[in-house]
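Data block below; observations after.
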Amino acid sequence: MVEKEEAMFRSAEMSLIQLYVPQEIARDTVYGLGNLGMVQFRDLNTKIRMFQRTFVQEIRKLDNLQRQYRYFNSLLQKHNIALYEEYDEDDKRFQLPPGSSAIDDHVENGSLIEERLVQLVEASERLELQKADLEQYRYVLKAGDEFFANTGASGSGDELLSRSVSFVTGVIPRAKVGTLEQILWRVLRGNLFFKHVELPQPVYDAKSKTKVAKNAFIVFSHGDFILQRIKKIAESLDANLYEISESQEERSKELGTLNTRLGDVYTVLDTTTTTLETELYAVAKVLNYWNKEVSHEKSVYEILNLFNFDSNRKTLIGEGWIPTDELDTLQQQLAKLTSTLGVDVPSIVQVLETNRTPPTFHRTNKFTEAFQNICDCYGIATYREVNPGLPTIVTFPFMFAVMFGDMGHGALMAMVASLLVIYEKKLGKMKRDEIFDMAYSGRYILLLMGLFSIYTGFLYNDMFSKSLTLFKSGWKWPDHWELGETIFAKQVGVYPFGLDWAWHGTENGLLFSNSFKMKLSVLLGFIHMTYSYMFSLVNAVYFQNWIDIIGNFIPGLLFMQGIFGYLSVCIVYKWSVDWVKDGKPAPGLLNMLINMFLSPGNVEEHLYPHQATVQVFLLVIALICVPCLLLIKPLHFKFTQEKHHQHQPLPGSEEGASSQNQLELLEDDDDEEEAAGHNFGDVMIHQVIHTIEFCLNTVSHTASYLRLWALSLAHAQLAAVLWTMTIQIAFGMTGFIGVFMTVILFAMWFVLTCVILVVMEGTSAMLHSLRLHWVESMSKFFEGEGTPYEPFVFKAVDFESEP
Amino acid sequence: MSFYTVVAVLLVVALTSAVFWVFAPKQNQTVWRSTVILTLSMMYLMWAITYLSQLHPLVEPRRADLRPEFAE
């Protein structure tokens, strides 16, 4: 067996294969491939519309089944029955599918269960309505006592009137009581008597299918015509009208019969609900498993629809991308399948020669995956180009740590991350919400960020804004001084590791650390960019794109090194010279760099002998590089490529890749495409843009790295301010108040440290680090015109994730 | 204690990296090599810059709030 390529530095080599599968075993083969997840199938039927393809019938059937399953699931949720979760280890073995009869069983079962459930649900809904109706009637009857009792009290003197007066009773949603009263008042010109009573419990409403709070009401008025109008108005406002009798005895008799009827309804409803729930419990146990099998089956048919169907020879022909080193595995598995199924005709795998651009596939593991995702968010690497995800593993957390440098905060972050890493298996099975999932999937990034922050915090000598005195200081204070006297330290050595703690709390400590952090960011930025720029050389050599080296890489490199490389060397040189001992003034580097451009040949303060000559030389080189960058590539194109119009692009070259992708979008044919011819104008414009961009970016990107300085300064200052404003206050107090305040202020300090300094500042530093990678680093070499490799593999199915 | 310390540590780091390049674990070799060596170089760079910046400082610590008892 061939050893698998690691495919991290470059994407894996891919082959286009053609798969001849006999029709009888097509389903089994594709099912097995879905378990393995190694082939990305191409659509060979782009000209055939979706609903005209071979396996539309099957898919439609399964779609219907899935709809039924979703219906079951919604019923389960309504009745608060939990789905039985099955934890299956996702083993990537070549498995045989469940027999097609099993799927047919599923289809049959699905329809049967649906029918039964629908019947039960309808029955229970009907009963529910009946119950609600009866209950409302009962409430109205009960309320009748109150209605007539009150009217009796007010109008008992006029018996005649009460006889001629007729009334309407009913139940209405509570929200509409006011409306009803108002409308009736206007329509009848105040010629009515309206009363209402609140029902003690909300009642099931047929219209909204939920329980609604309602009121019973009674309207007294006279005249049949008016009564009809009242009824119409009330009904239009969703009221249910019930006729009740005026006399107390009849009402109580009615109530008696009503109660027996209600009792019957309750029993029937109870049995119906129990039956429904028993049925649902049975479904809940297997629904997840069924749904998984069915959705796998469906995806198999969706893939088979991409195949070419040769009806004469009864074979299906599929085409797809596979990592070249997986070819053997595929062939073995197919052979195994043929032998287990006992079919005479084997499936055949044939590797095709093609000039299509294969998809980009980086083999990641749980550690590298998150880092790769950072880069893939920006763009998928072109096939076989250097993968920026590899250096990102270190540079991303480290750049973050330069901004976040604090031992204490780094330790907090590292501890949380290591918890996530240690319990990753347990947490992986858990259902995670969005934010927690982000932290979980980036746990290794967090871990490295925390660890590197501890290291940079060590170098900044910051632990929650305090310094550690681990080594002997390089500075010595005078032997004695008066209180309040300004004193200066004398250098007696060099602090071996990190910033000297003698600077902590001094008046000019910030001055020193600012100068140090600024130069640190320029140096780190320059080195990071040069490192990234070297990858463009690696790419050019790999794709044998020699003109890119001569026309792009070398002039660019000289330009960049001539200006900022020189600055970096000067920074280091200035540090290494003892200016105080030599008694010379230390030249300002910023002015030196500005004067190098503004008045070449003039140097006011000398850093080293012959400085003027060197600077003029570098300036001339940088200036020569600009036209080189601009012209070499287009001219080369003009002299070589335009002679023969039909030029074939190199398989991996920029033009080849991009034009092929465009073509593939336009018409995805089986034939090998011809690359579209570029003309001189295109190349020239492209190069002009590239040149302007490169020269401007050299300056702006270097300046952009100054964010390392700014953020780390802000972080350190914020930490110091938080310390003085919270916990430091407690240190002067004694006694009970001292204890009390220490506890309170520590809690405050710790919570704010976690929330503001670790989470908020951490997020901001992470975004800045992300930008430094996407813009400053990746723009130096990354093309990002690839398409991702998405092999056909069975996905975990979940009811929530489905539309 | 001078510029040569930085050079000496550079040599040590380079040697360590070279040794690790050879003895990197066989599984995920690229990731191991890249990650460890890049880590070493970044850590070295950061240390070297910090060290160099304090080698011949142009400003000295100044303060007026130190208590006289603190004198050694």
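In peptide B:25-38, how many Cβ atoms from other protein chains are near each Cβ within 10 Å, on average?
4
If the cut-off is 25 Å between C-alpha atoms, which lysines fall inside it for A:Lys517, apart from same-chain ones fewer than 8 positions away?
A:Lys466, A:Lys472, A:Lys476, A:Lys490, A:Lys574, A:Lys581, A:Lys584, A:Lys780
Per-residue mean of other chain beta-carbon atoms within 10 angstrom of the beta-carbon, peptide A:455-467?
Per residue, the number of nearby Cβ atoms from other chains is 2 on average.
Under a cut-off of 26 Å between alpha-carbon atoms, report the lysines in cross-link reach of A:Lys209, not counting same-chain residues fewer than 8 places apart.
A:Lys78, A:Lys131, A:Lys142, A:Lys176, A:Lys231, A:Lys232
Are there GluC sites (Glu not before Pro) in region A:342-390 that DSSP marks as loop and that have at most 14 other Cβ atoms within 10 Å, and which are they?
Here the GluC sites (Glu not before Pro) that fit, given the DSSP loop and packing criteria, are A:Glu353.
Provide the FRET efficiency to the nearest 0.05 for the A:Val268-A:Asp104 pair, computing r from the beta carbons and using R0 = 22 Å.
For A:Val268 and A:Asp104, the calculated efficiency is 0.05.
Counting other Cβ atoms within 10 Å, keep those with at most 15, restrict to DSSP loop, and tell me which GluC sites (Glu not before Pro) in region A:394-494 are left.
Sparse-neighbourhood loop GluC sites (Glu not before Pro): A:Glu482, A:Glu485.
Which of A:Tyr495, A:Tyr20, A:Tyr542, A:Tyr69 has the fewest other C-beta atoms within 10 Å, and how do the rest follow up to the most?
With the sparsest Cβ surroundings first, the list reads A:Tyr542, A:Tyr20, A:Tyr495, A:Tyr69.
Between A:Ser311 and B:Ala64, with labels modelled 7 Å along Cα→Cβ, what's the label distance in nm to one decimal, could you check?
Here the answer is 9.9 nm between the modelled labels.
What is the distance in Å between the Cα centres of region A:506-522 and region A:606-627?
Using only Cα atoms, the two centres lie 29 Å from each other.
Could you line up A:Met684, A:Met778 from fewest to most neighbouring Cβ atoms inside 10 Å?
A:Met684, A:Met778
Expressed as an acute angle from 0 to 90° and rounded to the nearest 10, what is the orientation of the C-alpha long axis of helix A:248-304 relative to the principal long axis of chain A?
30 degrees
Provide Rg and Dmax in Å for the protein assembly as shown, with only Cα atoms included in the calculation.
Computed over the Cα atoms of the protein assembly as shown, radius of gyration and Dmax are 40.2, 127 Å.
Pairing the Cα long axis of helix A:589-598 with the longest principal axis of chain A, what angle in degrees results, from 0 to 90 and rounded to the nearest 10?
Result, in degrees: 80.
Order of A:Tyr531, A:Tyr573 from fewest to most other C-beta atoms within 10 Å?
Taking fewest neighbouring Cβ atoms as first place, the list is A:Tyr573, A:Tyr531.
With no solvent and one equal point scatterer placed on each C-alpha of region B:3-54, evaluate the Debye formula and give log10 I(q)/I(0) for q = 0.24, 0.32 Å⁻¹, two decimals.
-0.85, -1.18
Can you pull out the trypsin sites (Lys or Arg not before Pro) in region A:340-397 that DSSP calls coil and that have at most 13 other Cβ atoms within 10 Å?
Here the trypsin sites (Lys or Arg not before Pro) that fit, given the DSSP loop and packing criteria, are A:Lys366.
Any idea what angle helix B:29-53 forms with the longest principal axis of chain B, computed on alpha-carbon atoms, 0 to 90 degrees, nearest 10?
20 degrees
Just counting partner chain Cβ atoms within 10 Å, what average do the residues of peptide A:565-578 show around their Cβ?
3
222 nm [θ] for chain A, helices only, -39500 (n - 2.57) per DSSP H run of 4+, per residue, to 500?
Dividing the helical sum by the residues of chain A leaves -19000 deg cm²/dmol.
Testing the spin-label approximation: label points 7 Å from Cα along Cα→Cβ at A:Glu24 and A:Ile550. State their distance in nm.
6.3 nm
Rule-based calculations on the coordinates, nothing more; no lab input. Note that the structure is predicted; figures quoted are calculated from it, not measured. Methodologically, a virtual Cβ is constructed for each residue, glycine included, from the backbone with ideal geometry; neighbour enumeration extends over all protein chains shown.
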